[in-house]
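Data block below; observations after.
The values are calculated or read from the model by the stated rules, or taken from the named source; none is laboratory data. Please read all numbers here as calculations on a predicted model, not as lab measurements. Cβ atoms come from the backbone with ideal geometry, glycine included; neighbour counts cover every protein chain shown. Accessible surface areas use protein heavy atoms only, side chains included; no ligands, DNA or RNA. Shrake-Rupley method; radii C 1.70, N 1.55, O 1.52, S 1.80 Å.
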Amino acid sequence: MTLDTLLLYLAASLVLAITPGPTMLLALSNGIAGGMRAAVWGIVGASVGAAILVAIVALGLGSLLAASEWLFNALRAAGVAYLVWLGIKMWRSQPVDIGAALATSSSDGRSGRIAFLRSLTVALSNPKTLLFFAAFLPQFIDTGSPQGPQYLVLGAIFIGIDTCIMLGYAAAGTQAVRWLSRRSLRMLNRGCAAGMWLLAATLALWRRPGV
């Protein structure tokens, strides 16, 4: 990969990463409701999900989803349902209590596992993301060279940028807990819930190009 191609990929990945999506809203909401530790576990889950999607594309399985209308619609229906459910959970969730910052380790572990699984599920249940990776990543692959290492590098770069952006969202959520009233935090959480429902509606109405 030439330096010009790499710089173009970095710029494109940054633009894509800063665009708000389900995992970004989850990072913000986790920071509000569970603190930075839960948010970090959620970010790890989202990053693992992205790595799995990149691996699927590298193995050529992304074309299977693009070719199968039934598989695409089944995955999309699951993604929509999960985003709606997450929106309901966010709407009902309560902001973290600063006075309870020294929570027990078992509670921290449980909230971390929940955040990890939620973000992982969101990352894997959105067919738009997989189709996007299948269309985006090959544009930067040199077919005359071994493709496995190239996908590894491109995936690592994208996930690294995406992780940094999610950490920013999570930090914003934890700082909001310090400066905003509980009523304001509850409204912010409900704003995240509304965002999830909007993304669910967008996914439900989205049609693949050429369909």
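Accessible surface ranking for 179, 85, 197, 1.4 angstrom probe, highest first: 179, 85, 197. So what is the relative contact order of the chain, in percent, for Cα pairs below 8 Å that sit 6 or more residues apart? Once normalised by length, the contact order is 44 percent.
Ignoring ligands, DNA and RNA, please state the percent of accessible area on the chain from carbon and sulfur, probe 1.4 Å. Of all accessible area on the chain, carbon and sulfur atoms account for 69 percent. Taking max minus min of the alpha-carbon positions on each principal axis, the chain gives extents of 59, 37, 29 Å, largest first. Over the chain, accessible surface divided per residue gives 52 Å², non-protein components excluded, 1.4 Å probe. Once both labels are positioned 7 Å from their Cα atoms along Cα-to-Cβ, the gap between residue 152 and residue 198 label points is 4.0 nm.
Here the alpha carbons of the range 131-193 define both size measures, Rg and Dmax, at 18.7, 58 Å.
Say we join alpha carbon atoms closer than 10 Å with springs in a Gaussian network model of the chain; which of 50, 77, 115 then has the biggest fluctuation? Comparing 50, 77, 115 in the GNM, the peak value goes to 77. What FRET efficiency comes out for the pair residue 172/residue 70, r = Cβ-Cβ distance, R0 = 45 Å, nearest 0.05? The calculated FRET efficiency here is 0.65. Between helix 182-205 and the chain, what is the angle of the helix's C-alpha long axis to the longest principal axis, kept within 0 to 90° and rounded to the nearest 10? The helix 182-205 is inclined about 30 degrees to the chain.
Applying both filters, DSSP loop and at most 12 other Cβ atoms within 10 Å, to the trypsin sites (Lys or Arg not before Pro) of the range 118-211 gives 207.
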